[in-house]
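What follows is a set of notes on a single structure, which appears directly below.
The values are calculated or read from the model by the stated rules, or taken from the named source; none is laboratory data. If you're wondering where the values come from, they're calculated on a predicted model, not measured in any experiment. When we count neighbours, we look across all protein chains shown, and the Cβ atoms used for this are built from the backbone with ideal geometry, even at glycine.
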Amino acid sequence: MNELLHTRVLPMMDLLLESMFEYLLFLAKTLTLLAGIAVLLVLGMRVRRFSDRGEHLEITDLNDRYQTLTRALKESSLPRRVFKDFIKSERKRERARDKAAESGRPRLFVIEFNGDIRASEVGALRVLVTTILLEAKQGDEVLVRLDNAGGMVSEHGLAASQLARIRSSDIPLTVAVDKVAASGGYLMAAVANRIIAAPFAILGSIGVLAEAPNFHRLLQRHGVDFELHTAGAFKRTLTLFGENTDEGRQKLREQLEETHRLFKDFVLEYRPGLDLERLATGEYWHGQRAVELGLVDAIQTSDDFLLAASAEKDLLKIKYSAHKKPIERLLSSIQGGIERVLATWRG
């Protein structure tokens, strides 16, 4: 009986060990496969990150775009024979344009600047201005389609300084305001040789502001102490959580007045005819009234300006972009949404 039991146990043990061995082998293969996939994913992410780090300069030929739109409309609206005649004449114009380009047809470089509180597009603007200065020739011009309601002083000051580089290089600069160029936005626009605006565009707001809530009394009611230590009497003029002093408030007002003076001096440097006693009050005006006050040179949309220029110049819209990580794009999008809400609320 013992021998029979022993012979039965041994095959069962062998079967169990074999099953465990097969399971461990399967597990090892699975882990190896998963590890291989993980390595490939990591390498793929590294390659993607490396390739996406590159800078991208996008150039759009607006003349070709206009021709494509015109051709599509004529093809759908003209009789077939008339459309064929149009195509023949269009080819002649294209050949004439190519010859003109060979002989140095002037170009109009088009930049779009959509501002926010931090003037976050100033990095791209720096690259675009440098690119234009390296390439521009006699007869070339620059158009900046500006939409900017202002924001932080240093960032918008830097953006205005970038446009000043174009003007100081004797390249004619036009700024077109279809919607708004206020505060820091007008600081940028003022640099141009010529400012055009749509009839109901908003311009001006030559002023400076600072605002912040103070939670000191709320914290005090709940028995919360807040300590602020500084080295320097005016290292911090106002605080969010501590008790503000009259001295701090006065110093902040002095700083605002100094910044306002710099703002006015900068505008006067490029538009010396302005009556800033009348205009530097922080008010804004719409297009036609802005022309009467000298803030703008003419009422004209950027679309009409480009259409008129297309007959004599090659229109090249240039856009620069650099790779951002997904989390950076998400945070930037959220912050931009908050800033738009704040701008609407404050406006």
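Conditions tested, residue by residue: (1) part of a helix (DSSP H, G or I); (2) modelled with pLDDT of 75 or more.
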site	(1), (2)
GLN67	yes, yes
ARG71	yes, yes
ASP85	yes, no
SER89	yes, yes
LEU108	no, yes
THR131	yes, yes
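Of these, ALA198, ALA182, which one is modelled with pLDDT of 95 or more and surrounded by 24 or more Cβ atoms within 10 Å (Cβ to Cβ)?
Step by step, each of ALA198, ALA182 is checked, and only ALA182 is modelled with pLDDT of 95 or more and surrounded by 24 or more Cβ atoms within 10 Å (Cβ to Cβ).
Please list, ordered by first then second residue, the pairs with beta carbon atoms under 6 Å, 6 or more apart or interchain, first in the stretch 271-291 and in a strand (DSSP E or B), second among the β-branched types (Val, Ile, Thr).
Sorted first by the residue in the stretch 271-291, then by its partner, the pairs are TYR284/ILE202.
Determine if the stretch 186-193 includes at least one residue that is touching an Asp or Glu at 6+ places or on another chain (Cβ under 9 Å), assigned to a strand (DSSP E or B) and closer than 16 Å to ASP147 by Cα.
Within the stretch 186-193 (the criterion being touching an Asp or Glu at 6+ places or on another chain (Cβ under 9 Å), assigned to a strand (DSSP E or B) and closer than 16 Å to ASP147 by Cα), the answer is no, since none of the residues qualifies.
Any chance the stretch 137-152 includes a residue that's assigned by TED's automatic domain parsing to the domain that holds LEU316 and in a helix (DSSP H, G or I)?
There is no residue in the stretch 137-152 that is assigned by TED's automatic domain parsing to the domain that holds LEU316 and in a helix (DSSP H, G or I).
Taking the conditions exactly as written (without any contact (Cβ under 8 Å) to a residue 24 or more places away in the chain, buried (at least 17 other Cβ atoms within 10 Å of the Cβ) and either on the phi > 0 side of the Ramachandran plot or in contact with a helix residue (DSSP H, G or I) (Cβ under 9 Å, 6 or more places away or on another chain) (or both)), does THR237 satisfy them or not?
Yes.
Consider LYS264 carefully, then state whether it is closer than 18 Å to ALA189 by Cα and basic (Lys, Arg).
The answer is yes for LYS264.
State whether the residues of the stretch 227-234 include one that is in a helix (DSSP H, G or I), over 37 Å from the mean Cα position of the chain (by Cα) and not hydroxyl-bearing (Ser, Thr, Tyr).
No, that holds for no residue.
Going through the stretch 281-295 one residue at a time, which ones are small (Gly, Ala, Ser), within 25 Å of ARG261 (Cβ to Cβ) and surrounded by 20 or more Cβ atoms within 10 Å (Cβ to Cβ)?
ALA290
Tell me which of these VAL224 doesn't satisfy, since it passes every other one: (1) of a type outside the set (Ser, Thr, Tyr); (2) more than 27 Å from GLY207 (Cα to Cα); (3) assigned to a helix (DSSP H, G or I).
The single condition VAL224 does not satisfy is (3).
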